[in-house]
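A short write-up of the structure that comes next.
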Amino acid sequence: QVQLVESGGGLVQAGGSLRLSCVVSGNIFSLKRMGWYRQAPGKQRELVAATISGGSTNYADSVKGRFTISRDNAKNTAYLQMNNLKPEDTAVYSCNAVHIVGREYWGQGTQVTVSS
């Protein structure tokens with residue numbers, strides 16, 4: 001069984017930075033894909049960034065060049081470094097993981113609010 005716990009959200013001014021963390025309880029090596037999604041009020045959930053075992057990454061066009069996803073297997077943690085934040089980045093950010101057998105897991109979410 002895998003559980004994901006996010007932290008690092010908060011209130012920040014436009015142009016600021018935050019780093020989200022997703023701590024994995026369970027075997028992180030069993031997760032073939034980890035990603036961050038976000039959902040703003042009244043909008044659909046969207047993929048922000050993802051990383052595949054082996055190191056490849058992909059990003060939403062809206063965050064390319066500003067956000068960086070990483071994964072530290074030694075610490076059982078995935079990160080989302082968010083720089084140059086904009087008010088439109090305001091959302092609940094959730095960690096997602098896909099097990100090698102296909103099962104999907106979600107964290108509880110963390111609120112990110114960017115003021116103008």
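Here are the numbers for this structure:
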{"quantity": "Accessible surface of the chain, 1.4 Å probe, proportion on carbon and sulfur as whole %", "calculated": "48 percent"}
{"quantity": "Spin-label model distance (nm) - residue 14 vs residue 27, 7 Å beyond Cα toward Cβ", "calculated": "4.8 nm"}
{"quantity": "Residue-normalised accessible area of the chain, given per residue in Å² at a 1.4 Å probe", "calculated": "52 Å²"}
{"quantity": "Stretch gain in nm, segment residue 103-residue 60, where the contour uses 0.36 nm per residue and the Cα spacing is subtracted", "calculated": "13.2 nm"}
{"quantity": "Backbone N within the stretch 1-32 under 20 Å of label point (7 Å from residue 52 Cα along the Cβ vector)", "calculated": "28-32"}
{"quantity": "Cα-only radius of gyration and Dmax that characterise the chain, units Å", "calculated": "13.4, 43"}
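The values are calculated or read from the model by the stated rules, or taken from the named source; none is laboratory data. Since the structure is predicted, the reported quantities are computational estimates derived from the model, not experimental observations. Virtual Cβ from ideal backbone geometry, glycine too; neighbours counted across all protein chains shown. The protein model used for the area step is the full one, side chains on, heavy atoms only, and it has no ligands, DNA or RNA in it. Shrake-Rupley method; radii C 1.70, N 1.55, O 1.52, S 1.80 Å.
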